[in-house]
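Down below is the structure, laid out as structure tokens.
Read the figures in this text as sums done on the coordinates, not as results from a lab. Since the model is a prediction, treat every value here as computed from it, not as a measurement. Cβ coordinates were reconstructed from backbone atoms using ideal geometry, including for glycine residues, and neighbour counts include every protein chain displayed.
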Amino acid sequence: MSEAMARWLEEGKAVVKQQAFLMKRALDNTNLRDGLKYGSNMLCELRTGLLSPKNFYELYIMVADEMRHLEQYFLEEWKRGRRMVELYELVQHAGNIVPRLFLLITVGSVYIRSKEAPARDILKDLVEMCRGVQHPMRGLFLRNYLLQCARDKLPDIGSEYGSDVADGIDFLMHNFAEMNKLWVRMQHQGPVRDRERRERERLDLRILVGTNLVRLSNLEGIDADMYKTQVLPRILEQVISCKDQIAQQYLMEVIIQVFPDEFHLRTLEEFLATCPQLQSGVDVKAILVALMNRLAAFAKAEPAQIPSDVDMLAIFHSHVSKMTGSNTLELAASLDLQVALVNFALGFAPDRLDFVDQTLAVCAQLLQSNGETRLSGPAKHSTVQLLKTPLISNGQPLTILALPHYAGLMIYLPLESRSEVATLAVRMLLSSKTPVDSLLNFIQPLVKDVEEDGPNELDEEEMETEQNLIAALIHNFKSSDTDTQYAILVGARKHFGQGGPRRIKFTLVPMVVRALELAERVHEEEEGGGERAGTISAKKVFGFTLETIKGLASAEPVMALRLFLQASLIANKCGEDKIAYELVSQAFILYEDEVSDSKIQMELVLEAAGTLFLLNNLDPEDYDTLITNTTKHAARLLKKPDQCRAVYTCSHLFWNAGVKYEDGRTFQDGKRVLDCLQRSLKIADVCMQSSNNVNLFIEILDRYLYYYEAGNEKVTVKYIQVNQCSFS
């Protein structure tokens, strides 16, 4: 945020705060005229065109929060006998259209609650009146405010405010259409050189448009037939007619996310028929994959709910074939769609290998019609993925290799790619019945509870001895090949994850250690340059590590927390700053939810501080978020001496030369360092009643001297002298 932008935002917030105070004071004195005047002045701040969408949203939230007081006053006025139609007409005297419409919506919300007029008529009037604001950003937030105020008053089946669900659909579709037009229009305002900035700003505002579809999905009166005939066609009409890549991409994904699976099954043909009509820049593959994944998960969870007359595989195959055969997609994009289709088929119906072979045949025909002899670039990569996907997903490599059209695709690949697929096939053959898996099956009574076991078959000492042996065994799960090592760990975790809380506290810890060692190995290979033998990435290994630690958290939260911190150090070492941030965040969640012992809390806060000080690859903003959270936890410790020591320890986090901004500046915030020291000094002063706590002042003085010598300009001689006087 630029300095000018920050100043404008602060000025706007100051005006809102002042006018809101005057408005509430006037309302407390039952002076409605002055209250509306001050409320209008407050709302005028939303007329600004100087703020970015994020900053405007911050100002809007502040204003919307204050408007609740005015809405409450209108409600009380109605309860005192005042007719809402009078207030509805009164607020329309506001001089400017932006505050006028915000006030009108606020009154309209109470007007609906009063039931003096049908909700349908009021909402229709409000949504039409909002057309008066055609500035894209102001119009979007105005209509979002309308949506927010009307969310619990929408016409629906069983609604106490009258009207039926058709009226609710009409209102939401009208508002959605207008908001989508405003959102799309943002792209065409301003010079061409700012196009990328406008696209980023539009993405920031997409949720405002999508909220209309969320509200539609929440209407209880909409059934599958109504969705198919009245809702989806109108939504898709808006999607197609807007002819905007960003809008089409987002809205198609929102449709998939917010409406029930049963609705998607009934409208699969209509939805897929829309995909070829989207703009050329839209990632159709991402849309189809999202829909396939959702329906596959639904079919797996609720197989009885799949209509017998809906053949999902056939429908998807038909439409994907039309898209790939239309010559509107590049070859790589067409092949990517087929990869997605194979993934869906193997996840939804793993026994339908005939369908997989049918897809392979389509791809072979596609390559032949394009006159390809040896693929390169993205098309080569897509074909390799198409051949590797069934090998990985099916788990029976011999069955896949025997498919009639599998080998036919191999001829289009260059030698190195054919070798890559062949190597994977060999690995799958070797790993389809690995020694590790056989061993774990053999020692299953030690790995998990079996049905023959009684609830107290082993005492704790015997259990501990056995599980320590298993933990030692895990350290011997080794392979020189990183992909094989990862496969071994994944397979082993499937067994150990079933061990229950008595066992996983022994078995999952060494699993995490082995995974972190593997992550470092993979990272070294990635950084080494040249051709790698393995395909697994360090990021994927860290994902496995994260899930393993989460599995341990239920049985041993403190150990899991410490493993999160340790893993973050390894992620930082490997340059995975986002993963390191996520790992520390998970540690804090665990601390807040599971750790209540004050002594352990003190230890963990200090360990977290020590860990964060070493995370020198974190983005400075992410680092700031984490250290601020750590300092808050330090200040909330139960015992005052612990608070004091933890807070002054956290001061070092704000004076960390290892964390650097992009321009080379180090993360050294002298003021926040001083704040920590001053806060610890106040806590130490409270502890002075006990002579045992005098040492706290000496420890704090030591920190003051350290920062003074380190060149912290905020720590001056004055503070050192004051600290000396505190215990002299």
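Tell me which residues come under 5 Å, amide H to amide H, from SER159 once H is placed; ignore anything under 5 positions away on its chain.
none
Spelling out what I want: for every residue of region 589-595, take phi, set θ = phi - 60°, compute 6.51 cos²θ - 1.76 cosθ + 1.60 (Karplus), and round to whole Hz; glycine and proline get x.
Per-residue couplings from phi come out as 4, 5, 4, 5, 8, 10, 9 Hz.
Where the only charges are on Cβ atoms (+1 Lys, Arg; -1 Asp, Glu), what is the dipole of the chain about its Cα centre, to the nearest 20 debye?
Approximately 2380 debye in magnitude.
Along the three principal axes, how long is region 230-327 when you take its alpha carbons, biggest first, rounded to the nearest angstrom?
That gives 39, 29, 22 Å along the principal axes, largest extent first.
Excluding residues fewer than 8 places away in the same chain, name every one of the lysines whose C-alpha is closer than 24 Å to that of LYS24.
Output for LYS24: LYS13, LYS37, LYS79.
Given the pairs LYS573/LYS671; LYS671/LYS718; LYS300/LYS494; LYS380/LYS573, which span a C-alpha to C-alpha distance of over 25 angstrom in this model?
LYS573/LYS671; LYS380/LYS573
Reachable aspartates and glutamates from LYS181, Cα under 17 Å, same-chain residues fewer than 8 places away excluded?
Straight-distance partners of LYS181: GLU128, ASP170, GLU199, GLU201, ASP204, GLU237, ASP244.
How would you rank 514-521, 549-556, highest first, on the average number of other Cβ atoms within 10 Å across their residues?
In decreasing order of mean packing, 514-521, 549-556 become 514-521, 549-556.
Ordered by residue, what ³J(HN,Hα) values in Hz, to whole numbers, does region 579-584 give under the Karplus form 6.51 cos²θ - 1.76 cosθ + 1.60, where θ = phi - 60° and Gly and Pro are x?
Per-residue couplings from phi come out as 5, 4, 4, 5, 5, 5 Hz.
Which net charge results for the neighbourhood of GLN19, defined as the other residues with beta-carbon distances under 12 angstrom from its beta-carbon, given Lys and Arg at +1 and Asp and Glu at -1?
My count for the surroundings of GLN19 gives +2.
Once the Cβ-Cβ distance between LYS682 and GLN72 is put in as r, and R0 is 35 Å, what FRET efficiency do you end up with, to the nearest 0.05?
Calculated value: 0.35.
At a temperature of 25 °C and a viscosity of 0.890 mPa s, determine how fast region 571-642 diffuses translationally according to Stokes-Einstein, using the Kirkwood radius over alpha-carbon pairs as Rh; express D in µm²/s, rounded to the nearest whole number.
Answer from the Stokes-Einstein relation: 195 µm²/s.
If every alpha-carbon in the chain counts as one equal scatterer, what log10 I(q)/I(0) does Debye give at q = 0.09, 0.11 1/Å?
Values, matching the q order: -1.17, -1.37.
Take the residue pairs LYS478/LYS599; LYS228/LYS285; LYS54/LYS115; LYS578/LYS660; LYS388/LYS550 and return only those whose Cα atoms are more than 27 Å apart.
LYS478/LYS599; LYS54/LYS115; LYS388/LYS550
Please list, or write none, the aspartates and glutamates whose alpha carbon is within less than 16 Å of the alpha carbon of LYS539, excluding same-chain residues fewer than 8 places away.
List returned: ASP483, GLU517, GLU520, GLU524, GLU525, GLU526, GLU527, GLU547, GLU576, ASP577, GLU582.
Let me know the whole percent of all Cα-Cα pairs from region 1-117 that are separated by more than 19 Å.
Result: 45 percent of Cα pairs exceed 19 Å.
When the distances between all Cα atoms of region 110-208 are binned every 5 Å from zero, what whole-number percent does each bin get?
Percent of pairs per bin, in order: 2, 13, 22, 20, 14, 11, 8, 5, 3, 1, 0.
Could you bin all the Cα-Cα distances of region 459-595 into 10 Å bins starting at 0 and give me the percent of pairs in each, rounded to whole numbers?
It works out to 12, 41, 34, 11, 2, 0, in whole percents.
Would you mind ranking ILE61, ILE392, ILE112, ILE470 so that the residue whose beta carbon has the fewest other beta carbons within 10 Å leads the list?
Least crowded to most crowded, the residues run ILE61, ILE392, ILE470, ILE112.
Have a look at region 608-728 and give its Rg and Dmax from the Cα atoms, expressed in angstrom.
14.6, 48
Are there GluC sites (Glu not before Pro) in region 594-690 that DSSP puts in a loop and that have at most 16 other Cβ atoms within 10 Å, and which ones?
When the GluC sites (Glu not before Pro) of region 594-690 are filtered for loop state and at most 16 Cβ neighbours within 10 Å, GLU662 remain.
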